[in-house]
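Input: a single structure, listed below in structure tokens.
The values are calculated or read from the model by the stated rules, or taken from the named source; none is laboratory data. What you are looking at is a predicted structure, and each value in this text was computed from that prediction instead of being measured. FYI the Cβ positions are ideal-geometry reconstructions off the backbone, even for glycines, and counts take in every protein chain you see. Ligands, DNA and RNA are stripped out before the accessible areas are found, and what is left, the full protein with its side chains, is counted by its heavy atoms. Shrake-Rupley method; radii C 1.70, N 1.55, O 1.52, S 1.80 Å.
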Amino acid sequence: GGETVRALPVPIWFAGSVSFPPEDLVTLVFPAFVGDYTVHPYWGRWYFWETCAFIGVSGLALACYGISAPGVAGRRAILVTLAATIVLAFGEYTPLFLILYHWVPLFDRFRGWGKFIFVATIFLCLLAGYGLDRILRERAVARRALVIAAAAAIALIAGGGAILLQDGSSVLKAMHATGQTYLDRAVYFNPTFIAASRSFAALGLMVAGATLAARVALALRVRRDARAAFVLGALALAEVFAFARLHRPTFDSAQSVIPSLRRFFAARPGDYRTLNLWRPDTAMEMGTFDAWGYDPGVTRRYAELIAWSQGKDPDKATQYVTFHRFPPLFAMLRVKYVIAVLDEAVRIFPTDKPPLGRLELVGSYRIVRQRDAILDAMAATSFDPGKEAILERQPDPAPVAGETRGTARI
């Protein structure tokens, strides 16, 4: 970890990214309220798979019932931990974020505080188990709980109807204004998409309300037929399995690589790297090597070098880089081709200088001890990484000049 980008604090904007948006608590009753990746495009903040707290409408109702179950061991600890994980999941949306970022070790090394919601759902599942256990033991559901659940069902259905009566454009525009969404800007101002999003959200709340109402009706039968409690538990499980099946995005892996691109590199074998700005992680599928890609554990010094090559402050290097220039120094990284999308077509560009080999014999060196001074030295037009190495300390044993140039091979 000390050799990766995690060794140093990440920028505060990076640490706060992918926090759990408070409005996404609505996913407790309808997981795709702001869309998903299978039925309707996801238009919410960050990523659907990290901002969804759904454990099923039945599971949530059982969890609420389990909170008040008598004899629950460690109820206070469970509730405190549940509340704490939800607050932590909110991340940058609460004042606590700044305190933890500046004062608690390691909280300034990572992003994605929204993942705490996963821990929260585990405790909700625990409480749901207590709720079902209470029904099985008492062979009934408290009348007050049934009244509250019925009122909640009516509220969900009414809420869905109210959404249908709203314009919805202001909500989508406000979501886009957060700067934390990934859909194209034009989508948020498209009347057809706005209307479809409104209908989808409304239908989801109505389905959640109808599901809860059906569970209330089933719970009423528990007093007359205890077997209904087992049906209630089975439906809670089935609901989550159905959700998982409906929200499982898939794709044909063969389509992730353009055949012509695969043929291009198959016809040009060699020990070199590419810089694929289109889909860097497809290098593995094509049997090639890439100079960059998505890697949360990228080595810090390499990330600093890449960030510096793009005119960025190396002290703020992360695994995210926007490439806009390709200096001759990329030959040292063995980059031979740059792959980019221009005019909606994938293009391949050779670099200006041929790449170095994986193994090189370099005839001279000099000592430069400070990182910034090293980078300045590498930026000089006179620097040739194939002829000179820059070291941070004297090598031991010291190189000895020979009368002839040696060879090196793997």
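Quick notes on this structure:
- If only the Cβ of Lys and Arg carry +1 and only the Cβ of Asp and Glu carry -1, the dipole of the chain around its Cα centre is close to 1180 debye.
- When both the range 176-246 and the range 51-80 are represented by their alpha-carbon centers, they are found 19 Å apart.
- Assigned charges on the beta-carbon of Lys, Arg, Asp, Glu; the range 250-379 dipole about Cα centre (debye): 380 debye
- Ranked by solvent-accessible area (1.4 Å probe, protein heavy atoms only, all chains present), the residues Arg143, Arg185 order from largest to smallest as Arg143, Arg185.
- The local environment of Ala389, defined by Cβ-Cβ distances under 13 Å, has a net charge of -1 under the rule Lys, Arg +1 and Asp, Glu -1.
- The shape of the range 181-271 comes out oblate: with a ≥ b ≥ c from the C-alpha gyration tensor, a/c is at least 1.5 while a/b does not beat b/c.
- Charge dipole of the range 213-354 about the Cα centre (unit charges at C-beta), most positive-ward option of Pro269, Pro280, Ala242: Ala242
- Restricting attention to the chain, close to 40% of DSSP beta bridges with both partner residues there are antiparallel.
- Debye, to nearest 20: dipole size of the range 1-137, +1 on Lys, Arg Cβ, -1 on Asp, Glu Cβ: 400 debye
- Solvent-accessible surface of protein heavy atoms, probed at 1.4 angstrom with all chains present, puts Tyr47, Tyr272 in the order Tyr47, Tyr272, largest first.
- Considering only Gly297, Pro350, Phe330, and ranking their Cα positions along the charge dipole of the range 297-410 that arises from unit charges at the beta-carbon of Lys, Arg, Asp and Glu, the one farthest toward the positive end is Gly297.
- Annotation: aspartates and glutamates with alpha-carbon distance below 14 angstrom to Lys353 (same-chain offsets under eight excluded): Asp384.
- Heavy-atom accessible surface of the chain: percent carbon and sulfur, 1.4 Å: 62 percent
- For the chain, the pair-distance distribution built from all alpha carbon pairs, in bins 10 Å wide starting at 0, is 4, 16, 21, 21, 16, 11, 7, 3, 1, 0 percent.
- Accessible area in square angstrom per residue, the chain, 1.4 angstrom probe: 57 Å²
- By the combined test of axial Cα extent (at least 15 Å) and Kyte-Doolittle hydropathy (mean at least -0.5), the qualifying DSSP H helices of the chain come to 57-67, 75-90, 116-138, 143-164, 191-220, 227-246.
- Burial ranking of peptide ranges 13-19, 326-332 (average Cβ count within 10 Å, highest at the top): 13-19, 326-332
- Largest accessible area first, the residues Asp396, Asp108, Asp315 order themselves as Asp396, Asp315, Asp108 under a 1.4 Å probe with ligands, DNA and RNA left out.
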